[in-house]
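Asks: Just dropping this structure here.
Please treat every number below as a calculation from the coordinates, not as lab data. Everything numeric here is computed off the predicted structure, so don't read it as measured data. All Cβ positions, glycine included, derive from the backbone under ideal geometry; neighbour counts span all protein chains shown.
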Amino acid sequence: MAGIVTEPWSVAENGNASMTAKGSSRELRLGRTAHNMSSSSLRKKSDLRVIQKVPYKGLKDFLSNLQEVILGTKLAILFPAIPAAIICTYCGVSQPWIFGLSLLGLTPLAERVSFLTEQLAFYTGPTLGGLLNATCGNATELIIAILALTNNKVAVVKYSLLGSILSNLLLVLGTSLFCGGIANIRREQRFDRKQADVNFFLLLMGFLCHLLPLLVEYLANGKTSAAVLSDMQLSISRGFSIVMLISYIAYLVFQLWTHRQLFDAQDQEDEYDDDVEEETAVISFGSGFVWLVGMTLVIALLSEYVVATIEEASDKWNLSVSFISIILLPIVGNAAEHAGAVIFAFKNKLDISLGVALGSATQIGLFVVPLTIIVAWILGINMDLNFGLLETGCLAVSIIITAFTLQDGSSHYMKGLVLLLCYFIIAICFFVDKLPQKQNAIHLGHQAMNNVVTATGGGVFSS
């Protein structure tokens, strides 16, 4: 963290932190993803002068870690929601309250995981640190997806992952471009297109993997059984998931090793910034690892509460599960990351904002989604890449309109406004969605097509 004053006792607690932490501040930032740089904007400088007076080293170390990890964020005010959710669970409080408190509790935890992985990166070096940051960047979404799978809530998994992609492409990026354009209305905002191009290539490939299982339904004639179609979609999806994971590994190699310079544009403007000071680790490697494990376990606990109470919250609030999963979950769960992207857009640093939005969308689309398919395969749960006609259409339009928005390497507030309006259009669509929720509701399109085939006596659809 920039601007932290390292006291003598803190150096002792960290061992030889300054010697073990590899590289200068500039070198370390090469291992930081835009996700981490965005989250860092929500951190606040810790004042350790009072803790310095504590005479006992063990207590002093514990209090300093508590200060840095728990109180070192502007979102610390939301931490009481965590014990409140746990207490409400055991006191038999209404499930919608548990759902809402769990969502609020997940917000600071996601930001703290980003902070802890960044702290560990000081000791592992920029390359391994960047890999750790990329892997843990969307840990909350992955944990919620896996827990929903274990409860056989495949529809919730699909909706939540789709919502994360849509929110990053339209809501986060749209808000960043709009706010940045308003704040810098008399300045031209420009960014490096090379990084965005790479992300869009990968997103379009991921969209193809969603489109083809959907089209399988419309290639079948009226005599094809639903079981055969489902088996084909399942087999195709599992094969595609392996390809998607391979592409994501190639993307990490491309980003962290062979073409790292394409993803370092966001650092160049800060290189000679007077406000940037030498960055050092503020907690030891062992402490950071323990805190990271603990935070992950708490995220798993709250995610279990979210998954268990989402249907009850849907009934009480008179909102569809699709709206809650696609719209509310991504907004609340990634609020810290989203706010950071907007803050950097205000500072006319769009490369970081784009890195957050596009990088997170790519990670979910090419890592979290296929990994979830593989995990479902291992668990014996049938989950495919067919997210439904409406959902896949929203994904396609979101990728295409975002790509057109960023094609010239410049930005103004009108581009952000259009992206935001597109997100509101999609939100309204799912808000009024009252179709019965079921895992294979996506096959409604196949049933409709069969009706067309029957009414036309076959025709072109039966060929």
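Asks: Residue by residue through the range 304-317, which ³J(HN,Hα) values in whole Hz follow from phi under the Karplus form 6.51 cos²θ - 1.76 cosθ + 1.60 (θ = phi - 60°), with glycine and proline marked x?
Replies: Per-residue couplings from phi come out as 5, 4, 4, 5, 6, 10, 5, 5, 5, 5, 4, 5, 5, 8 Hz.
Asks: Return the tail of the calculated pair distribution for the range 313-439, meaning the percent of Cα-Cα pairs more than 20 Å apart.
Replies: Above the 20 Å cut-off, the range 313-439 has 55 percent of its Cα pairs.
Asks: Residues with beta-carbon under 15 Å from that of P213, excluding P213: net charge, scoring Lys, Arg +1 and Asp, Glu -1?
Replies: -2
Asks: Where does the range 160-199 land on the Kirkwood hydrodynamic radius, alpha-carbon pairs, in angstrom?
Replies: Answer for the range 160-199: a Kirkwood hydrodynamic radius of 11.6 Å.
Asks: Also, quick follow-up: Evaluate Rg over Rh across the range 387-432, taking Cα atoms for both radii and Kirkwood's formula for Rh.
Replies: 1.04
Asks: Under a 5 Å amide H to amide H cut-off, with H placed in plane at 1.01 Å, what residues pair with T73 once short-range neighbours are removed?
Replies: K44
Asks: Using the Cβ atoms and a cut-off under 13 Å, what net charge is assigned to the surroundings of C394, where Lys and Arg are +1 and Asp and Glu are -1?
Replies: -1
Asks: Hey, another quick one. When the Kirkwood hydrodynamic radius is evaluated over all pairs of different C-alpha atoms of the range 340-385, what value in angstrom, to one decimal, is obtained?
Replies: 12.3 Å
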